[in-house]
Amino acid sequence: MIDDRTTRRSVLTALGGLGLSSTGTMVSRTSAATDSRDNGPQRGDPFVHPDELEAFVDETLAKRIGTTTPGATVAIVSGDTSVLTKGYGVADVDSGEPVRADETVFRVGSVGKLVTYTAVIQGVERGVLDLDADVNTYLDDSEVTVPDTYEDPVTLRHLGTHTAGFESTLDPGIVSEPTALDSLETILIDRQPSRIRPPGELVGYSNYGAALAGHVVAGSHNTTFEEYLQSEIFDPLSMSYSTFAQPIPDNQPGYLAAPHVRRDGSFTVADDVYINMRPAGSLSATATDMVAFMKAHLCDGAVGDRRILDRKTTEMMHSRHHVRHQAVTNWRYGFHEYGNPDANLIAHSGATVNFTSYLLLAPDQNVGIFVAFNSNPSERPKAIVDEIVAEFGLQKAPTTPTPTSRPGSQKRAETVAGEYSLTYLPQSGPLQVVDLLEHLTVEPAANSHLQTTTLEGDARQWVETEPYVYEEVGGHDVLAFEVTDGEVDVLNMSSEPTGVYQPVPFHERQLVTGGVLGTALSGFGLSLVGWGGHNAWQQLKQYRTDNESGVEDSG
């Protein structure tokens with residue numbers, strides 16, 4: 001990146017209209033505030049020059065369109081002002097139809113969980129729901145029941161912070177035909193995972209938990225989940241192109257972008273898929289509709305005179321609801337923190353098999369960013385958000401921590417050395433093999449550093465900044481170990497908000513180091529043929545896209 005930001009932005013502004021296929025809108029910064037307080041450009045507004053922002057986003061996506069994804073849609077807001085809504089590339093490589101931010105509908109996957117959890121908070125505000133009540137309280141008229149495996153019950157607060165203790169199955173009930181969709185109640189009964197840990201203890205990302213929260217919302221209001229969201233969020237915010245319904249209703253405006261896969265160096269249209277656990281990931285929306293949703297969250301729950309939450313309730317949703325460790329990213333309600341926990345950036349990623357998305361809010365700067373692709377590449381929409389965050393100073397640039405000689409540092413490094421796996425990975429069933437693929441090795445390194453290495457060989461260096469807390473060299477990431485009587489209980493990684501790492505038992509280490517992994521993977525592929533009519537390797541791809549962090553990602 002060029003250090004001279006002023007020179008660079010001048011060049012980018014000049015390049016703003018280059019021949020990258022795009023359609024969109026850049027709105028003037030003169031619109032008046034519509035709330036009792038000033039929700040327009042804020043102090044230190046990072047997007048005070050929208051032409052520079054547009055030029056930067058144009059350049060950033062020009063490097064990806066046609067190689068990373070055939071199409072993308074972008075929405076950026078500051079307060080109650082839409083700074084940029086723009087489509088890039090094509091919605092369908094066969095027709096050549098361009099992406100239009102205000103008409104092209106994208107499947108946004110788990111970003112839709114934010115809408116689901118907003119609906120939960122509406123119920124709390126109205127006195128219909130209580131975040132700390134036993135969730136079974138709201139299931140009296142349902143066949144779904146959460147078993148009393150542990151003394152403490154599962155609550156809506158647990159569901160919104162992924163701390164209910166359900167075993168992860170990764171599969172949100174994906175099917176290849178809409179006729180194969182079950183009712184939400186049926187899927188929650190048939191696909192109920194085991195409770196494998198007490199609620200409130202550890203984060204373990206759960207599609208089932210989000211789907212259960214949506215079921216509670218619907219049941220407590222005596223309607224269906226889709227109908228509730230339509231009447232209580234989409235209609236009030238004029239999100240006319242948004243729906244959780246599958247397939248998208250014929251009378252819905254706009255057109256759905258085609259899903260794409262990249263084979264032999266080019267993109268082809270892929271078959272669409274459908275998600276049984278609708279509240280966890282079946283939302284389809286345009287970038288313009290996501291503008292309205294982000295504005296509501298940034299402007300105290302309202303867009304103009306259209307209100308979905310009150311101010312205090314919105315602030316409550318954005319506050320911390322579960323703390324893994326003070327040094328790392330933690331959970332707000334439905335949102336996880338992004339980057340430096342002190343930066344107050346909150347986010348969520350999303351993916352279906354061949355769509356990906358990312359949404360970030362910066363409440364202190366009153367800024368929101370949404371990006372979606374009609375593909376599922378290794379480099380995801382979060383990469384675009386990361387570049388915008390860095391370029392426009394939404395959080396401080398990473399600095400290399402100075403190694404210091406701390407008493408006992410070598411012994412602590414030896415204590416934490418070992419192999420770790422993530423809590424959101426399956427502990428049983430055919431996808432248990434994914435757990436083997438995600439093992440992380442921790443070992444002491446030179447110069448008082450710690451080194452982590454993935455199974456793929458990706459290595460990072462860390463410096464101890466306080467006992468059992470380590471900062472990434474040249475990055476924002478943080479490791480924080482919880483140690484009792486010389487034994488590691490938990491490894492928290494800031495860039496993995498969707499779970500925590502726990503030490504791997506010796507016999508499981510042997511599955512990897514002893515060469516058993518290849519055999520396991522071979523059996524894994526065979527065992528999943530015909531699973532739900534969908535290729536499970538695509539499910540593994542979805543899992544890795546939706547949950548791998550790089551830096552601060554989640555699914």
> In what sequence, highest mean first, do 104-113, 127-136 appear when ranked by Cβ atoms within 10 angstrom?
Replying inline: 104-113, 127-136
> Mind listing the phi-derived Karplus ³J(HN,Hα) values for region 448-453, rounded to whole Hz, using 6.51, -1.76 and 1.60 with θ = phi - 60°, and x for any glycine or proline?
Replying inline: 6, 8, 10, 10, 10, 9
> If the cut-off is 16 Å between C-alpha atoms, which aspartates and glutamates fall inside it for K411, apart from same-chain ones fewer than 8 positions away?
Replying inline: E443, E464, E466, E482, D485, E487
>> Could you derive backbone 3J(HN,Hα) for region 373-385 from the dihedral phi with the Karplus parameters 6.51, -1.76 and 1.60 (θ = phi - 60°), listing whole Hz in sequence and x where the residue is Gly or Pro?
In response: 10, 9, 7, 10, x, 5, 9, 9, x, 4, 4, 5, 4
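Please sort 459-470, 370-381 by packing, taking for each peptide the average over its residues of neighbouring beta carbons within 10 angstrom, highest first.
Working: 459-470: 18.2, 370-381: 24.9.
Listed from highest to lowest mean packing, they are 370-381, 459-470.
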>> On a 20 Å Cα-Cα criterion, which of the cross-link pairs K63/K382; K312/K382; K113/K382; K86/K295; K295/K396; K312/K396 come out too long?
In response: K312/K382; K295/K396; K312/K396
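Given a cut-off of under 8 Å on Cα pairs at least six residues apart, what relative contact order in percent is computed for region 63-193? Before the final figure, lay out each step's value.
Values: 111 pairs, mean separation 17.0, N = 131.
Computed value for region 63-193: 13 percent relative contact order.
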> Can you give the charge dipole size of region 116-225 about its Cα centre, rounded to the nearest 20 debye, using +1 on the beta carbon of Lys and Arg and -1 on the beta carbon of Asp and Glu?
Replying inline: 300 debye
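If packing is taken as the average count of other Cβ atoms within 10 Å, what order do 193-201, 357-365, 287-295 fall into, highest mean first?
Details: 193-201: 17.1, 357-365: 23.9, 287-295: 27.0.
The most tightly packed comes first, giving 287-295, 357-365, 193-201.
Just so you know, all these numbers are worked out from the coordinates, no wet-lab data involved. Note that this is a predicted model, so its numbers are computed, not measured. A quick note on method: Cβ atoms are made from the backbone with ideal geometry, for glycine too, and the neighbour counts reach across all protein chains shown.
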